[in-house]
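Engineer: Quick one: structure below, then a few questions.
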Amino acid sequence: MVELAFRNDHIHLRTRDKEGTMSFYERVFGATRIVKEENGVHREYLELAGVNVFFADASSVPDLPSAPMGPYIGLDHIGLRVDDVDATVEELRSRGAQVFTEPKTIGSAARIAFIQGPDGVRIEILQRG
């Protein structure tokens, strides 16, 4: 039997406005833009909370459907853990983020909020007890 060892490599998002979407994650979440030349190929992506986020330009595909507002079957949202949801949400709001679920307590050990990202991507802000 082969032992499997997985490591996170990336999240891949499709967008109709690659530059605007990348700028949103930089401005709102403090993501770091990475620019590289790999084997003669220009690569530009973001590092967000230790995860590489790749963006595919979908502007030339006009009939590509957008993500539903959720919840739905499939990849539902990106989750980012923080120490203080309330303070983080206020800071994100000051950076222009649209909060569509205000901070609330779920269960006995977690507090969450949701930010609306570009292209219908939902971003959960999570504080664990």
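The values are calculated or read from the model by the stated rules, or taken from the named source; none is laboratory data. Treat the numbers as computed from the prediction; the structure is a model and nothing was measured. Here the Cβ is made from the backbone with ideal geometry for all residues, glycine too, and neighbour counts use every protein chain on show.
Engineer: Just name the residue that is farthest from Gly20 (Cα to Cα) out of those in segment 111-122 that are without any contact (Cβ under 8 Å) to a residue 60 or more places away in the chain and surrounded by 14 or more Cβ atoms within 10 Å (Cβ to Cβ).
Structural biologist: Among them, the one singled out is Arg111.
Engineer: From the set of residues in segment 5-29 that are outside any helix (DSSP H, G or I) and free of Cβ contacts under 8 Å to residues at least 12 places away in the same chain, which is nearest to the chain's Cα centre (by Cα)?
Structural biologist: For segment 5-29, the residue satisfying everything is Arg7.
Engineer: Step by step: first the residues of segment 106-123, then only those that are in contact with a Lys or Arg (Cβ under 9 Å, 6 or more places away or on another chain) and within 18 Å of Arg27 (Cα to Cα), then the one that is modelled with the lowest pLDDT. Which residue is that?
Structural biologist: The residue in question is Asp119.
Engineer: While we're here: For the structure I just gave you, tell me whether Leu46 is touching a Phe, Trp or Tyr at 6+ places or on another chain (Cβ under 9 Å) and not acidic (Asp, Glu).
Structural biologist: Considered against the rule, which asks whether it is touching a Phe, Trp or Tyr at 6+ places or on another chain (Cβ under 9 Å) and not acidic (Asp, Glu), Leu46 comes out as yes.
Engineer: Tell me the residue from Ala58, Ala49 that is surrounded by 14 or more Cβ atoms within 10 Å (Cβ to Cβ), within 22 Å of Met22 (Cα to Cα) and either of a type outside the set (Lys, Arg) or at pLDDT 95 or above (or both), please.
Structural biologist: Ala58
Engineer: Let me ask something additional. Is it fair to say Phe29 is in contact with a helix residue (DSSP H, G or I) (Cβ under 9 Å, 6 or more places away or on another chain), of a type in the set (Phe, Trp, Tyr) and surrounded by 12 or more Cβ atoms within 10 Å (Cβ to Cβ)?
Structural biologist: Against the criterion (in contact with a helix residue (DSSP H, G or I) (Cβ under 9 Å, 6 or more places away or on another chain), of a type in the set (Phe, Trp, Tyr) and surrounded by 12 or more Cβ atoms within 10 Å (Cβ to Cβ)), Phe29 qualifies.
Engineer: Right, another one. When segment 3-44 is examined, which residues are found to be of a type in the set (A, V, I, L, M) and closer than 30 Å to Asp63 by Cβ?
Structural biologist: The answer is Ile11, Leu13, Met22, Val28, Ala31, Val41.
Engineer: List the number of the failed condition for Arg43; all other conditions in (1) closer than 19 Å to Val121 by Cβ; (2) in contact with a Lys or Arg (Cβ under 8 Å, 6 or more places away or on another chain) hold.
Structural biologist: Against the list (1) closer than 19 Å to Val121 by Cβ; (2) in contact with a Lys or Arg (Cβ under 8 Å, 6 or more places away or on another chain), Arg43 comes up short only on (1).
Engineer: Only residues that are under 22 Å from Ile125 (Cβ atoms) and exposed (fewer than 15 other Cβ atoms within 10 Å of the Cβ): list them for segment 71-89, please.
Structural biologist: Pro71, Tyr72, Gly74, Leu75, Asp76, Gly79, Arg81, Asp83, Asp84, Asp86, Ala87
Engineer: Considering each residue of segment 82-129, count those that are closer than 25 Å to Arg14 by Cβ and of a type outside the set (Val, Ile, Thr), and give that number.
Structural biologist: Qualifying residue count for the region: 16.
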